[in-house]
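A.B. asks: Handing you a structure now.
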Amino acid sequence: MSTSHSRAGVASVGALALTLSGLLVSGTVAAQPAAAADPADYQNVRINEVTSSNGDTVELYNTGSIAVSISGWKMSDDSFSPQSFSPSSSTIPASGFVTFNSPKGLGDADKLVIYTAGGTVVDRVEWAANAAKPAMARCGGDGTGGWVTTTAASTFGASNASGCPSSIPAGNRVRVNEVTSDGTDTVELYNGGTSAVDIGAWKYVDNDTTHSPVSISSSSPSATSIPAGGYVTFDSTLGLGDNDSFFLLDSTGNTVDSVTWATGGAKPSDERCANGSGWFQTSTTATLGSANSCSGSGGGTGGGGGQLLGGGGSLTSGCAPEAPSGTGTNPAGTSAWPGGLDVTIADNVCAFPTSTGPEGRDLSGLAFDPSHPSVLWAAKNKSWLYKLVKSNGKWVPDPSWSATGKQIRFAGGSGQPDSEGLTVGGNGHIYVTSERDNANNTVPKDTIMEFDPAATGSTLTPIHQWDMTAQFPQLDTGSKDDANLGFEGVGYVPDSWLTANGWVDPLTGAAYNPANYPLHGSGLFFAGLEWDGTLHVYGLNSDGTFTTFGTVATGEASVMDVMFDSGTQRIVATCDNTCGETHTFMKVDANGAIVPDVTYTNPAVMPVDNLEGFAIAPMSTCVSGFREVVWSDDGIYGFGPGSSSYGHAVYSGTFPC
């Protein structure tokens, strides 16, 4: 699909136009300029978990997209006397953890401050008696969530999710939402919970470690309670300068939330975008006491509770993101995203340039390899196939397969397939859909091609190719836009699922019997048609013929990707901004028909773009009840120019097991 085709309306990113860089820009001791020795991206390192028993262990987490050296860093407790510590590693990888045992010991009621080798304050947390027993951890996102006493002994070196309580206390739903350092030095708090929170005894402090916390109620105007869904604003009596921080403490002395900013930040204000939940960005207009306008430049600052993290970077020469052309409505009954709310940019900027698409955009279909779950296959519209693997938290081309992707051709080695969707078959081969030949893009060519990923060479030709173009005369109008509305995605569905769930064969009217189709392999292929959102079911025979099993209505206006998920035991049909970014999970009903079961939106923090690829990792990858889910942006537009998502194609989140 081209992101400029005519079937989409006008996209609106509005209040979600936030920076996704996840930078946690820290202040310094006594607000002095940061030392020159501070390593790159040091501000992305956050205290993530701490215990005041069993070795007084501390865990640091790197929220950023590059590794950070912590060589020579120091820590202090409430004596504010920095001392060296011995971490489990001198470098924290992107999205990685490092632990150490406090050399000073940590008491029942104590605090912890982390400094760079040059003396810059990186992060800080305080706790009351027994709050760090068994441990205190960030809940709601590693490196970002509110501090909560955990229910498990510890989760050091791994995600905190498994140790977090099932219900977060009401007070921990209060967030620092906006802050100014332009002379008024005003702070806004937001209560994202469903009940009022008493803040009469709460305190705050800046990053000057010689300052004592000040009560909110003694500030002007005095505030003692914050209503559900409401705001409280007050002026800091400590003053807030450049390279500064604001730490919020509850009535027992536990850290609730924090924000840090660099020189020039918080002027006229820094605010969370989206309101109450996202990362901080510098705004052009202060909106104290009301919802944040998110009208800023997108310059990111730090703070707990950030929703989108990772990968910034400048666009490379020739990289030209393409804006989404519209947004439609969700199907009726759409439900909220069931997985994690945090989403990470998971590729390098402008990562997929090719000779037929040097601008680097148009990464479309995605599919995990069930037999090799560390491998993610991706199709680029202009006739390219990628084998992606994880490197430092990002999905990058596997250099042992091809660092630049492999070009694919139609049978006979000709043409430029408009490769949109792909799936991994039961034989381990890659099946790719094409809706036209880009060398003749006004004529539809709706095909499914089978490629052997073990084949050598930089160009791949199909072992088999099945051409279904004649079934879709409505696409053959001489218009490149109509020709571009064919097969967008394809998913391999095993026979075992179809038979176990009682699918009725439309050709016989009886229970599906795979033995009736001896040449089709071990499953059927469900191809998604962008034109009307239907799935077309095929048996792909080894002699080059195919069997058509009819169509399945998804309830989506269009389909951009298709997959079978073994975890939910559902066929998943994905639609991009044309349908408001939704995923419909399909089941076999009591009558033996495949019907929609539930439809989910994307996490609210994601851009509303041509997100055409969608893949959920196999069950074998589950950790603490979750597994990875990946999206790809066909136009690499993100939140647009000035945002760190601009020029990126791959996003990573979590989905329940």
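A.B. asks: Could you tell me whether Val572 is in contact with a Lys or Arg (Cβ under 9 Å, 6 or more places away or on another chain), closer than 20 Å to Pro494 by Cα and part of a strand (DSSP E or B)?
C.D. replies: In short, no.
A.B. asks: Oh, and also: For residues that are open to solvent by 30 Å² or more (accessible area, probe 1.4 Å) and in a loop (DSSP other than H, G, I, E, B), tally how many sit in region 329-348.
C.D. replies: 10
A.B. asks: Do you know which of the residues in region 453-471 that are open to solvent by 50 Å² or more (accessible area, probe 1.4 Å) and within 32 Å of the chain's Cα centre (by Cα) is nearest to Thr423 (Cα to Cα)?
C.D. replies: Ala454
A.B. asks: From Ala590, Ala553, Ala615, grab the single residue that is in contact with a Gly (Cβ under 9 Å, 6 or more places away or on another chain), open to solvent by less than 10 Å² (accessible area, probe 1.4 Å), at pLDDT 95 or above and of a type in the set (A, V, I, L, M).
C.D. replies: Ala615
A.B. asks: What is the one condition in (1) free of Cβ contacts under 8 Å to residues at least 24 places away in the same chain; (2) of a type outside the set (D, E, K, R); (3) open to solvent by less than 30 Å² (accessible area, probe 1.4 Å) that Tyr386 does not satisfy?
C.D. replies: (1)
A.B. asks: Moving on to the next point. Residues of region 470-494 being without any contact (Cβ under 8 Å) to a residue 12 or more places away in the chain and among the hydroxyl-bearing types (Ser, Thr, Tyr), which ones?
C.D. replies: Thr477
A.B. asks: Looking at Gly567, Gly555, can you tell me which residue is assigned to a loop (DSSP other than H, G, I, E, B), within 30 Å of Ala511 (Cβ to Cβ) and touching a strand residue (DSSP E or B) at 6+ places or on another chain (Cβ under 6 Å)?
C.D. replies: Unique residue meeting the criteria: Gly555.
A.B. asks: Restricting attention to region 148-166, which residues are surrounded by 24 or more Cβ atoms within 10 Å (Cβ to Cβ) and under 22 Å from the mean Cα position of the chain (by Cα)?
C.D. replies: Passing the criteria: only Asn160.
A.B. asks: Test each condition in (1) over 23 Å from Lys387 (Cα atoms); (2) surrounded by fewer than 21 Cβ atoms within 10 Å (Cβ to Cβ); (3) over 12 Å from the mean Cα position of the chain (by Cα); (4) in contact (Cβ under 8 Å) with a residue 40 or more places away in the chain for Asp609 and report the one that comes out false.
C.D. replies: (2)
A.B. asks: Right, next: Out of Trp531, Trp497, which single residue is over 20 Å from Asn602 (Cβ atoms), in contact (Cβ under 8 Å) with a residue 24 or more places away in the chain and part of a helix (DSSP H, G or I)?
C.D. replies: None of the other options fit; the residue is Trp497.
A.B. asks: Looking at the structure I just gave you, is Asn44 within 30 Å of Asp609 (Cα to Cα), modelled with pLDDT of 75 or more and crowded, with 19+ Cβ neighbours inside 10 Å?
C.D. replies: Yes: the conditions hold for Asn44.
A.B. asks: Additional query: Which of the residues belonging to region 50-69 are farther than 13 Å from Asp110 by Cβ, of a type in the set (A, V, I, L, M) and in contact (Cβ under 8 Å) with a residue 40 or more places away in the chain?
C.D. replies: Of everything in region 50-69, those that are farther than 13 Å from Asp110 by Cβ, of a type in the set (A, V, I, L, M) and in contact (Cβ under 8 Å) with a residue 40 or more places away in the chain turn out to be Leu60, Ile66, Ala67.
A.B. asks: For residues in region 227-254 being over 31 Å from the mean Cα position of the chain (by Cα) and not in a loop (DSSP other than H, G, I, E, B), which is farthest from Leu288 (Cα to Cα)?
C.D. replies: Asp235
A.B. asks: Another question about this same structure. What about Asn172, is it modelled with pLDDT under 80, crowded, with 16+ Cβ neighbours inside 10 Å and not hydroxyl-bearing (Ser, Thr, Tyr)?
C.D. replies: yes
Here is a yes/no grid of residues against (1) without any contact (Cβ under 8 Å) to a residue 40 or more places away in the chain; (2) surrounded by fewer than 19 Cβ atoms within 10 Å (Cβ to Cβ):
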residue	(1), (2)
Trp202	no, no
Asp206	no, no
Ser212	yes, yes
Ser217	yes, yes
Pro221	yes, yes
Ser225	yes, yes
Gly229	yes, yes
Thr237	yes, yes
Gly241	no, yes
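A.B. asks: So how many residues does region 500-524 have that are open to solvent by 70 Å² or more (accessible area, probe 1.4 Å), free of Cβ contacts under 8 Å to residues at least 40 places away in the same chain and farther than 16 Å from Leu540 by Cα?
C.D. replies: Counting residues in region 500-524 that are open to solvent by 70 Å² or more (accessible area, probe 1.4 Å), free of Cβ contacts under 8 Å to residues at least 40 places away in the same chain and farther than 16 Å from Leu540 by Cα gives 2.
A.B. asks: Still on this structure, I have one more. Give me the pairs, please: first residue somewhere in region 87-114 and at positive phi, second residue anywhere and acidic (Asp, Glu) and open to solvent by 10 Å² or more (accessible area, probe 1.4 Å), beta-carbon distance under 7 Å, and either six or more positions apart or on two chains.
C.D. replies: Sorted first by the residue in region 87-114, then by its partner, the pairs are Gly105/Asp56.
A.B. asks: Can you name every residue in region 349-370 that is part of a loop (DSSP other than H, G, I, E, B) and at pLDDT 80 or above?
C.D. replies: Within region 349-370, Val349, Cys350, Ala351, Phe352, Pro353, Ser355, Thr356, Pro370 qualify.
A.B. asks: Identify, from the list Val125, Val187, the residue that is under 20 Å from Asp342 (Cβ atoms) and at pLDDT 85 or above.
C.D. replies: Val125
The values are calculated or read from the model by the stated rules, or taken from the named source; none is laboratory data. No experiment lies behind these values; they were computed from the predicted model shown. Cβ coordinates were reconstructed from backbone atoms using ideal geometry, including for glycine residues, and neighbour counts include every protein chain displayed. For the accessible areas, the whole protein counts, side chains as well, though only heavy atoms, and no ligand, DNA or RNA atoms are used. Shrake-Rupley method; radii C 1.70, N 1.55, O 1.52, S 1.80 Å.
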